[in-house]
1. Only one of ASP176, ASP188 is closer than 15 Å to LEU115 by Cβ, of a type in the set (D, E, K, R) and not in a helix (DSSP H, G or I); which?
2. Could you check ASP153 against (1) exposed (fewer than 11 other Cβ atoms within 10 Å of the Cβ); (2) at positive phi; (3) touching a helix residue (DSSP H, G or I) at 6+ places or on another chain (Cβ under 8 Å) and say which number it fails?
3. Consider GLU138 carefully, then state whether it is at pLDDT below 90 and outside any loop (DSSP other than H, G, I, E, B).
4. Determine which single condition LEU131 fails, assuming it passes every other condition in (1) at pLDDT 90 or above; (2) touching a Cys at 6+ places or on another chain (Cβ under 8 Å).
Amino acid sequence: MATDFENMTVLLLMVLTIACLLQVVFVGVLLWYVKWMADSLGRMSPSASPLSQLPSPSPMTTATVPDAVEAPQAVAADKTEPAEEARPSAPAVEILAESPDIQGSVHRLCEKYDLSDFILTTLDGLVVVSLFPRSSDEAARFSDLYRRKKKPDSPNVTFFEIAHRGEAMLVIVRRDHPLSPEERKGIDEDARKILNWWL
């Protein structure tokens, strides 16, 4: 009985020894691979990249700036007359403190960004706030389009998602001319402010 126990103990010690050796070999291979990758990345210096071989721009003195820049700007202004639709940033309008209720804040938001319609709805199409009575139909239609990842089927309509207290909501705006990225960002921020202030 004692001999069997000793044999079993020796066998277990041998298995543990082999397992430890395998683990040491694995760690060694892993360290070698990490070192090899570090060396490979170190050899790829920025000087070898094609972009670094481009000549650096020569510094311009203040005397040469007007001559070099003035004429192209004048030509560009003539050619890009229609592109001059870049509208100024939205005027500073107080949308919260001077409004009697959430409808007043939404009305001021519409004035600030020249919007003809503004609807805030849940993703299921339930209207949270709007200025017009037909909003429930439009909210249902546009939220359905949004959930199906479709574009608005009406001209000059933009919709995008915002979050309020962990719940996703859909902002639907209509305007006669397209929104700039800055205006869209401003509407996003102001809509969040309205929600946090009133709800």
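The values are calculated or read from the model by the stated rules, or taken from the named source; none is laboratory data. Everything quoted here is computed from the prediction, not taken from an experiment. Counting neighbours? That spans all protein chains shown, and the Cβs are built from the backbone with ideal geometry, glycine included.
1. Details: ASP188 fails: not in a helix (DSSP H, G or I).
Result: ASP176 is the single residue among ASP176, ASP188 that is closer than 15 Å to LEU115 by Cβ, of a type in the set (D, E, K, R) and not in a helix (DSSP H, G or I).
2. Only one criterion in (1) exposed (fewer than 11 other Cβ atoms within 10 Å of the Cβ); (2) at positive phi; (3) touching a helix residue (DSSP H, G or I) at 6+ places or on another chain (Cβ under 8 Å) is unmet by ASP153, namely (2).
3. It is true that GLU138 is at pLDDT below 90 and outside any loop (DSSP other than H, G, I, E, B).
4. (1)
Residue by residue, here is whether (1) at pLDDT below 90; (2) more than 23 Å from LEU96 (Cβ to Cβ); (3) of a type outside the set (A, V, I, L, M); (4) in a loop (DSSP other than H, G, I, E, B) holds:
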| residue | (1), (2), (3), (4) |
| --- | --- |
| THR121 | no, no, yes, no |
| TYR146 | no, yes, yes, no |
| SER154 | yes, yes, yes, yes |
| ARG184 | no, no, yes, no |
